[in-house]
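The values are calculated or read from the model by the stated rules, or taken from the named source; none is laboratory data. Just so it is clear, the structure is predicted and the values come from calculations on it, not from any experiment. Every residue, glycine as well, gets a Cβ built from its backbone with ideal geometry; the counts of neighbours run over all protein chains shown.
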Amino acid sequence: MLDLYNKQYDIQTLKKNIYLVNLLDILKTQKLDVIFIVKYILNNKYQFTKDEQLINMNDVLFYQPHISKEILKTEYLNYKEDYDSIDDFCSYN
């Protein structure tokens with residue numbers, strides 16, 4: 001199990017373990033890039049708990065202050081669901 005509150009993990013490790021940890025915990029504890037956030041954290045295909053389903057852009061901006069509102073909005077609006085990689089994950093929806 002990942003120790004999110006005491007260690008930083010690379011994106012590949014987070015992706016590999018995404019179903020084992022809560023997305024909100026990842027958001028709160030890890031330094032993430034905007035692509036990972038849009039593709040996984042804000043994507044309802046990977047949000048299984050009530051806490052995860054409530055994550056929004058304001059949460060992202062609060063917990064990831066290195067990401068600008070403009071870049072997050074742009075990436076979110078330009079994201080296409082067909083960008084989801086089957087090689088990365090399969091959803092349970």
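Answer with yes or no whether GLN8 is in contact (Cβ under 8 Å) with a residue 12 or more places away in the chain, farther than 18 Å from ASN78 by Cα and buried (at least 18 other Cβ atoms within 10 Å of the Cβ).
no
Conditions tested, residue by residue: (1) in contact with a helix residue (DSSP H, G or I) (Cβ under 6 Å, 6 or more places away or on another chain); (2) under 21 Å from GLN8 (Cα atoms).
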residue: ASN43; (1), (2): no, no
residue: LYS50; (1), (2): no, no
residue: PHE62; (1), (2): no, yes
residue: PRO65; (1), (2): no, yes
residue: ILE71; (1), (2): yes, no
residue: GLU75; (1), (2): yes, no
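From the list ASP3, ASP87, ASP82, exactly one residue is part of a loop (DSSP other than H, G, I, E, B), out of contact with any Asp or Glu (no Cβ under 7 Å at 6 or more places or on another chain) and modelled with pLDDT under 95. Which is it?
So the residue among ASP3, ASP87, ASP82 that is part of a loop (DSSP other than H, G, I, E, B), out of contact with any Asp or Glu (no Cβ under 7 Å at 6 or more places or on another chain) and modelled with pLDDT under 95 is ASP87.
Exactly one condition in (1) touching a residue at least 24 places away in the same chain (Cβ under 8 Å); (2) over 24 Å from LYS80 (Cα atoms); (3) not aliphatic (A, V, I, L, M) is false for PHE62; which is it?
(1)
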